[in-house]
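Please treat every number below as a calculation from the coordinates, not as lab data. From a predicted model like this one, the values you see are computed outputs, not experimental measurements. All Cβ positions, glycine included, derive from the backbone under ideal geometry; neighbour counts span all protein chains shown.
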Amino acid sequence: MRRLENIQEQVELLDDEDLEGIDELEDEWQEDVPDDLRSLRDIDSAMLKDELSKLRRYADLADSIQNNAKGGVLIPGLQTAFEHAQKLGAARKAVIFTESRRTQEYLFDLLSANGYEGQLVKTNAVRVLLKQIKGCIEEIKAEL
């Protein structure tokens, strides 16, 4: 969205008077003008404004979402799973995989607010890699 806003600012700097005679100058400057500036002429500023307006509305809508349906069914689903695990004599543990840290934070906050505070551990690939690297360093040190 920021890239489109930058383009919009550049397009708004040019008006019809600025573009008069541009066709004659284009041949002279063809090799000297960067590609991104050369393409500004072809941008429809009304369409650009409309696109930015839509993107801003989508961003506002996304920011306004506080709860999601999957998160809402996680709590009772987790409780049911723990009840079955207890009947089987299994540990009261669960692993939840997410694709993003934002989702991870949302679920952490949701679970913390619903009786699981202090019982949660978060991890991500960076932590796992750091642990592996530290393990390798310790092995090398032990061999020296």
task = Starting from the Cα of residue 122, draw a straight line to each of the lysines and keep only those under 16 Å, dropping any in the same chain fewer than 8 residues away.
result = 93, 131
note = Yeah, the range 49-144 with a ≥ b ≥ c from its alpha-carbon gyration tensor (a/c under 1.5 is rounded, else prolate when a/b outruns b/c, oblate otherwise) is oblate
note = Checking the range 59-114 for GluC sites (Glu not before Pro) in a loop per DSSP with at most 16 other beta-carbon atoms within 10 Å yields 99
